[in-house]
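Below you'll find the structure, written out as structure tokens, and then a few comments.
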Amino acid sequence: MQAETVPQVSIVMGSKSDLETLQEASDVLDRFGVAHEMRVISAHRTPEAARTFALSAEGRGVRIIIAGAGKAAHLAGVLASMTPLPVIGVPMTTSDLGGLDSLLSMVQMPGGIPVATVAIGKTGAKNAALLAVAMLALADTALRSRLVDYRKGLSDEVEQADRALQAVRRPHAGV
Ligand code: RP5
């Protein structure tokens, strides 16, 4: 029998409608080889499941929780209130208020129970995973090397774009 891999990161979303956005986080964790799980758990629609999840996550070996939710987005804060694990919140883009509703619901935690809130939508989902990688890299030198290489790749892309631009534009003499 194959041993089950312990997820280091748990990606939790308030609704299956959040999956397309949170897939960005999963893709980043796959790229870095970080074992993770994805769950649909709602603070409002399945509050008991949210409680069971939060109270058992640390004991199962989860190190970081990424929680994505939209509208009155309480999921990340509710989970954070019941676990000492770090919780990274991803505010979903919404059709009514563009995600500002999600952002403000998530980021304005009362003092004492933090949620590390990232940007709205897919950019936030991507950065949530990169932040989780950076946290895990504090105690994992191989993962740290992969993160440094990734950042170097970003720098190289910008420098390459700059060189390409310089090659097609002559300096302006001015007026
Ligand atoms: C939140 O309400 C979810 O996180 C989702 O972003 C939003 C809308 O949910 P659905 O009505 O699409 O299920 O709980």
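The numbers here are math on the coordinates, done by the rules we state, and not lab data. Here the structure is a predicted model, which means the values were calculated and not measured. Neighbour counts are summed over all protein chains in view; Cβ atoms, including those assigned to glycine, are modelled from backbone coordinates with ideal geometry.
Of the trypsin sites (Lys or Arg not before Pro) found in segment 89-174, the ones in coil according to DSSP and having at most 15 other Cβ atoms within 10 Å of their Cβ are Arg169. Helix-only arithmetic for the chain: the sum of -39500 (n - 2.57) across DSSP H runs with n ≥ 4, divided by the residue total, places the mean residue ellipticity at 222 nm at -16000 deg cm²/dmol. Only the Cβ atoms of Lys and Arg (+1) and of Asp and Glu (-1) were treated as charged; on that basis the dipole of the chain about its Cα centre amounts to roughly 220 debye. The Rg/Rh ratio of the chain, with Rg taken over Cα atoms and Rh as the Kirkwood radius over Cα pairs, comes to 1.09.
Other residues lying with their Cβ under 14 Å from the Cβ of Lys16 contribute a combined charge of 0, Lys and Arg counting +1, Asp and Glu -1. Within straight-line reach of Lys16, meaning a Cα separation under 17 Å, sit the following lysines at least 8 residues removed in sequence or on another chain: Lys71, Lys122.
Electrostatic bookkeeping for Lys126 treats Lys and Arg as +1 and Asp and Glu as -1; over the other residues with beta carbon under 9 Å from its beta carbon, the sum is -1. Across the chain, C-alpha contacts under 8 Å between residues 6 or more apart give a mean separation that, scaled by the residue count, equals a relative contact order of 20 percent. For segment 1-78, GluC sites (Glu not before Pro) meeting the loop criterion (DSSP other than H, G, I, E, B) and having at most 15 other Cβ atoms within 10 Å: Glu4. Comparing Ala80, Ala128, Ala67 in a Gaussian network model of the chain, where Cα atoms under 10 Å apart are tied by springs, the biggest mean-square fluctuation is seen for Ala80. Where is the GNM fluctuation largest for the chain (alpha-carbon springs, 10 angstrom cutoff): Ser42, Ser15, Ser95? Ranking Ser42, Ser15, Ser95 by mean-square fluctuation puts Ser95 first.
Summary of the geometry: segment 1-50 and segment 55-104, compared by the centres of their Cα atoms, lie 11 Å apart.
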